[in-house]
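Worksheet for the structure shown next.
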Amino acid sequence: PAERPKSLHGLRVALLDNGKEFSDVVLEALAETLRRDHGVTHIKFWRKGFPAKGAPFIAEMAAETDVAISGVGHCGSSSPWSVIDAVNLEKAGVPTVALISRSFCLLGQIVARGEGHHGLPIVMLPHPIGEADQAKVAQKGADAAAECVRLLTTPGEAIGAEYAAKKFPLPEHAVPRG
C-alpha cells in the first residue's frame, strides 16, 4: 500500500465518481461529512462519466492529490473498475480506498488481488445503494466517512495486513456449494 499520512488535515482529497447512478449522492454526502467532522478543506471531485471503464486521468489525478476515495461500486462492472482505479492510484503513490456495496466486496477483493494489490482497503456499503429516499442514499456516504479516514491514515502495512486477511461475505443472493 501507498504510505499513509497521519491526518487528512490540510491534504488534497480526491473523490473519484465512477458515474454509476447514486454515486454522486453518496460521494457528495461523504465530502460534506469529511469537511464537517474531519476538518478536510481541500476536496476535488473527479468524474469519469461511465462506470465500466478505467479512469483516463489517473496520472493527472495522482499529481494533484494526496489521498483518494474511489467509488461507488454497486454492480458487476462498476465494482471491478472502481477497484482497478483505486489500485492504479495506489501504484502511483496515492493512498486510496474503494467504496463498494456489500454484494460486490468479494468481487472487488478478487479483482484487487488479480491486479497485484492483496491488501487494498475496501469500505463495505449497504446494498443496494439506490433507494427512492435520497436522504437514505446520502446517509450511506456520511456513514462511510470515519472508516475512510481510518483507512487513509493508518499505516499502510497495518491496513495491508488487515485487508489481505479480510473475509468479505458472499453476496446475499449467492448459494454456497457444499
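The values are calculated or read from the model by the stated rules, or taken from the named source; none is laboratory data. Not measured: the values here are computed from a predicted model. A quick note on method: Cβ atoms are made from the backbone with ideal geometry, for glycine too, and the neighbour counts reach across all protein chains shown. Side chains included, ligands, DNA and RNA excluded: accessible areas come from the protein's heavy atoms. Shrake-Rupley method; radii C 1.70, N 1.55, O 1.52, S 1.80 Å.
Quick notes on this one:
- Check on residue 159, touching a residue at least 60 places away in the same chain (Cβ under 8 Å), touching a Pro at 6+ places or on another chain (Cβ under 6 Å) and open to solvent by less than 30 Å² (accessible area, probe 1.4 Å): yes
- Residues of the range 163-177 include none that is among the acidic types (Asp, Glu), open to solvent by 70 Å² or more (accessible area, probe 1.4 Å) and free of Cβ contacts under 8 Å to residues at least 40 places away in the same chain.
- Scanning the range 47-73 for residues that are within 23 Å of residue 10 (Cα to Cα), part of a strand (DSSP E or B) and either modelled with pLDDT under 95 or open to solvent by less than 20 Å² (accessible area, probe 1.4 Å) (or both) gives 67, 68, 69, 70, 71.
- Flag if residue 114 is on the phi < 0 side of the Ramachandran plot and surrounded by 15 or more Cβ atoms within 10 Å (Cβ to Cβ): no
- The residues listed here are 141, 108, 76; of these, the one that is in contact (Cβ under 8 Å) with a residue 12 or more places away in the chain, of a type outside the set (S, T, N, Q) and in a loop (DSSP other than H, G, I, E, B) is 76.
- Residue that is least open to solvent (accessible area, probe 1.4 Å), among those in the range 11-31 that are closer than 20 Å to residue 95 by Cα and more than 14 Å from the chain's Cα centre (by Cα): 11
- Residues located in the range 85-105, provided they are assigned to a helix (DSSP H, G or I), under 23 Å from residue 13 (Cβ atoms) and out of contact with any Asp or Glu (no Cβ under 6 Å at 6 or more places or on another chain): 85, 86, 88, 89, 90, 91, 105
- Residue that is nearest to residue 139 (Cα to Cα) [pool: residues in the range 1-41 that are of a type in the set (A, V, I, L, M) and touching a Pro at 6+ places or on another chain (Cβ under 8 Å)]: 11
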